[in-house]
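The values are calculated or read from the model by the stated rules, or taken from the named source; none is laboratory data. Remember, predicted model here, so these are calculated numbers, not experimental data. All Cβ positions, even for glycine, are placed from backbone atoms using ideal geometry, and neighbour counts span all protein chains on display.
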Amino acid sequence: MKKYSIIIFGILLSFSSFSQDKNSWLQNDLVTVSGGKYTVTNYNLITLSDGTTTLQVKSYSEAPVTDISRDRFVAWFVIFMNEMFKSLNDNKEPKIKYLEESIGKPDVELAFYMNKTGVQIEIRDKNGTERETQKWSDLEKE
């Protein structure tokens, strides 16, 4: 019972740290629908496990509204984004702060292009651009 009280206290403490800015962030739609596509753009500042290195990351995704539901679009966007954040931090959970907008040029840009067949993941950083394409059927097996 004491264990659960500590967990609940931790959750309440984290919610109490939300500022007005974060409350307004919670009210904003994540996804925009325009030109027959869902799109989302997100900016984050992540602190790596060394505690000092920070990376500004821009994450973007798009998908035709006829190919994927809005809920699945958001779910996959969050899954891909979180997995990429972990990969930037030696597969450990980094500390993540939401940014309302980019502060200058992002260190890393992630893009997820989804359609009914699969997803192409694009990573751009100072070393160039990498792309990986996966079919949904292959992702379901993992």
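Here are the numbers for the structure shown:
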quantity	calculated
Among residues of the stretch 24-49, those that are touching a helix residue (DSSP H, G or I) at 6+ places or on another chain (Cβ under 7 Å), in a strand (DSSP E or B) and over 17 Å from Ser102 (Cα atoms), counted	1
Residues of the stretch 88-106 satisfying the condition of being part of a loop (DSSP other than H, G, I, E, B), modelled with pLDDT under 90 and not acidic (Asp, Glu)	Asn89, Asn91, Lys92, Pro94
Hits in the stretch 110-142 (condition: assigned to a helix (DSSP H, G or I) and not small (Gly, Ala, Ser))	Trp136, Asp138, Leu139, Glu140, Lys141
Residue pairs meeting the criteria (Cβ under 8 Å; at least 6 apart or on separate chains; first free of Cβ contacts under 8 Å to residues at least 40 places away in the same chain, in the stretch 126-142; second acidic (Asp, Glu))	Lys126/Asp107; Thr129/Glu122; Glu130/Glu122; Arg131/Glu122
Search result, residues across the stretch 50-87 that are of a type outside the set (Gly, Ala, Ser), under 14 Å from Thr117 (Cα atoms) and assigned to a strand (DSSP E or B)	Glu62, Pro64
Pairs with Cβ under 7 Å, 6+ apart, first in the stretch 106-124 and within 13 Å of Pro64 (Cβ to Cβ), second surrounded by 19 or more Cβ atoms within 10 Å (Cβ to Cβ) and aromatic (Phe, Trp, Tyr)	Met114/Phe73; Val119/Phe112
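Listed here are the residues, each with its yes/no results for (1) of a type outside the set (S, T, N, Q); (2) more than 24 Å from Val74 (Cβ to Cβ); (3) modelled with pLDDT of 50 or more; (4) exposed (fewer than 10 other Cβ atoms within 10 Å of the Cβ).
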{"site": "Ser24", "(1), (2), (3), (4)": "no, no, yes, no"}
{"site": "Leu30", "(1), (2), (3), (4)": "yes, no, yes, no"}
{"site": "Gly35", "(1), (2), (3), (4)": "yes, no, yes, yes"}
{"site": "Tyr38", "(1), (2), (3), (4)": "yes, no, yes, no"}
{"site": "Thr41", "(1), (2), (3), (4)": "no, no, yes, no"}
{"site": "Asn44", "(1), (2), (3), (4)": "no, no, yes, no"}
{"site": "Asp50", "(1), (2), (3), (4)": "yes, yes, yes, yes"}
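Here is a yes/no grid of residues against (1) touching a residue at least 12 places away in the same chain (Cβ under 8 Å); (2) surrounded by 12 or more Cβ atoms within 10 Å (Cβ to Cβ):
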site	(1), (2)
Ser61	yes, yes
Asp67	yes, yes
Phe77	yes, yes
Met81	yes, yes
Leu88	yes, yes
Asn91	no, no
Lys95	yes, yes
Tyr98	yes, no
